[in-house]
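Worksheet for the structure shown next.
The values are calculated or read from the model by the stated rules, or taken from the named source; none is laboratory data. No experiment lies behind these values; they were computed from the predicted model shown. Quick reminder, even Gly has a Cβ in these numbers, built from the backbone with ideal geometry, and neighbours come from all protein chains shown.
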Amino acid sequence: MYSPCIREASEACFHGCCLTPLLGLPEPPKSDSKPTNIVAATHYDFATVTASSLFPNSQFTNHESLPTLSESFSNFTKAYPQYSQTNLAECIRAQEYYHLSLSNRVCLDYIGLGLFSYAQQHAQCSTTTMASSSSPPPPHDSEFPFFEISYKSTSLKSQILYGSKESALESGIRKKVMGFLNISETDYCMVFTVNRTSAFKLLAESYPFRSNRRLLTVYDYESEAVETMICSSQKRGARAMSAEFSWPSLRIHSGKLSKMVASKRKKKRGLFVFPLQSRMTGNRYSYLWMNIAQENGWHVLLDACALGPKDMDTLGLSLFRPDFLICSFFKIFGENPSGFACLFVKRSSASILEESTMARSIGIVGLTPAKKPCQFTNDSSGTETETQQVFKFGLQDHSLTSTSSFSGPISAQLSNKEEKTSLNSSQRRQTEGVEHGKSSELCETESTKELKDSSSNEIVELGTPTELQPLNIETNSREKDGSSEIECRSLDHADSIGLIHISTRARYLINWLVNALMKLHHPHSGNGLRLIRIYGPEIEFDHGPALAFNVFDWKGEKVDPVLVQKLADRSNISISYGFLQNIWFSDKYTEEKENVIEIRSHEASGMTGNKRKVDLGVTVVTATLGFLANFEDTYRLWAFIARFLDADFVEKERWRYMALNQQTIEI
């Protein structure tokens, strides 16, 4: 039985702003008949309107026959008239993130929460440059990063129980983050970690797996952070298990997960690691899994890294109180995806953590003001026009071999397990960002080793707030609780738009994109062979702002997702690729399984050392929509994918790069 408060929350959430289902387990089967309850009827009507209003009874077999951007937008707004209510996002994008227009870049390769806006960075850069105009400008080797990180040599338990010296900047951002996420400092402690992977590993090294021996994860895709947690926990005696996802919807196999979560009597079980949605397929999962796990003696880690801005407002931590929560933040959307991760520990759960010598060197960090001023080229005076020219100049040269996806001042760690190479800032300007790997993890941006090498081999001692003033970051002049309020414009922008408009905007854009992609068919294929296949939900009311798909040629053979990513990058479109796994096929789809599943083997470390691991899954192209994504972004991705309708498109691109004397990639 579920508690009355949970049932009340389920019944109240009928208007569509709650992004993950609260309606019980298992999920009801779909039916062709029109549903009668309010929630189901709303979802049914939305799918019907989408299918009947956008390109009804149409197929596109030639990329040159696609309707224009203006025609498509007109039809889009007719189908979704409420989209105009989200125009505040367009204004914010134009005023605060104008670099996206200057670079003509579409950023659909990472998801999460940004801290600052590009205009905020530029304003600070201009101020700093004017203040130091008497001295010659330094070489243009890095951009102003707002803050730097310094390592703390402490365990997670010690940091939670005793704390450490905290800079004014760190204190301000911590309060800003917790306020934005609606997390109470009375109930939770928060520590900064260098990235998402470090946060997962830190908890794995501190959790008592010797007594609570099970680790149960719920991920339909390969995640470097989760794999790191599994590896660390197994070395400490844990038994790792994973939920499975039913083909073809890739929804949680509720029956199997229920058996793994439930027990005949309450006892210590272990750690249940649960995301609220898939960052690849866009599937959303019921909050009630957390409640069921806790009722059966599990400690719960909520992975909120795939959530968009304001999504935490749907959670209600008073109803669902995970023992641990991990969230990640990048600095500037479309410009600087590096940042940090936050690990939250419920104060009442802190006592179960163990002291660990390993955890003292994993990645607990502090934030300090940036030491370097914003740097421009020697002939730049820091004016807006010149800054924009520098930005545009840095985006002119591209390479097919670059898997870059965004232009950023801080070097980022590749999540590709086969090769991890940090790019310096001059390389980033030439390749427009950092390389993306298979998992495309947002905050796996800098490894512990890279950061130690780049800063210092010694632990940096944080100064007192008075020693750190004045802050080299924008602050409001108003004083709140005796300290300066840090201005994080990106968080403020999300607050100003609000949960309902953000979720509404994402819902319309992702479903338009799904519908448009499904209308692409190869010419003369006889049976109407679709150009793409979508993995996970198709047209759906509560489809998350992420999409996993593959492109197939006219012979029905899959185009390598890595190749699709590279060609998209040449068109100034940043997408990524990943590996779907833990897929369960019923007897109905046994034959299809043979054609879908890929077998991949690689070296993996475990309790018995390195061994050969075999993975079964599907490599896919992924695209994610942030709250600043607009219709033009989705249209441009659609138009690019449509170019694969030309049977010679890939070969033409190969010869194009050879003609330009550029390195080509192997297909």
Kindly provide the set of residues from segment 62-97 that are in a loop (DSSP other than H, G, I, E, B) and over 24 Å from S328 (Cα atoms), ordered by number. N62, L66, P67, T68, Y80
Within segment 69-98, work out how many residues are exposed (fewer than 11 other Cβ atoms within 10 Å of the Cβ), among the polar types (S, T, N, Q) and either out of contact with any helix residue (DSSP H, G or I) (no Cβ under 9 Å at 6 or more places or on another chain) or touching a residue at least 40 places away in the same chain (Cβ under 8 Å) (or both). 1
Hits in segment 202-221 (condition: in contact (Cβ under 8 Å) with a residue 40 or more places away in the chain, more than 16 Å from E244 (Cα to Cα) and of a type outside the set (A, V, I, L, M, F, W, C)): E205, S206, Y207, P208, S211, N212, R213, R214
For segment 302-346, which residues satisfy the criterion of being β-branched (V, I, T) and touching a strand residue (DSSP E or B) at 6+ places or on another chain (Cβ under 6 Å)? I326, I332, V345
K259 is checked against (1) surrounded by fewer than 20 Cβ atoms within 10 Å (Cβ to Cβ); (2) in contact (Cβ under 8 Å) with a residue 12 or more places away in the chain and fails just one. What number does that condition carry? (2)
Test of understanding: among F245, F274, F200, which residue is modelled with pLDDT of 95 or more and out of contact with any helix residue (DSSP H, G or I) (no Cβ under 9 Å at 6 or more places or on another chain)? F245
So which residues in segment 508-549 are under 26 Å from the mean Cα position of the chain (by Cα) and either basic (K, R) or in a helix (DSSP H, G or I) (or both)? Y508, L509, I510, N511, W512, L513, V514, N515, A516, L517, M518, R533
Would it be correct to say that K175 is outside any loop (DSSP other than H, G, I, E, B) and either at pLDDT 90 or above or of a type in the set (V, I, T) (or both)? yes
Do we find a residue being touching a helix residue (DSSP H, G or I) at 6+ places or on another chain (Cβ under 6 Å), under 18 Å from R533 (Cβ atoms) and modelled with pLDDT of 95 or more anywhere in segment 631-638? yes
Give segment 181-227 a look and list any residue that's more than 27 Å from F585 (Cβ to Cβ) and charged (D, E, K, R), or say none. E185, D187, R196, K201, E205, R210, R213
Would you be able to tell me the number of residues in segment 347-361 that are out of contact with any strand residue (DSSP E or B) (no Cβ under 8 Å at 6 or more places or on another chain) and under 28 Å from I111 (Cβ atoms)? 1
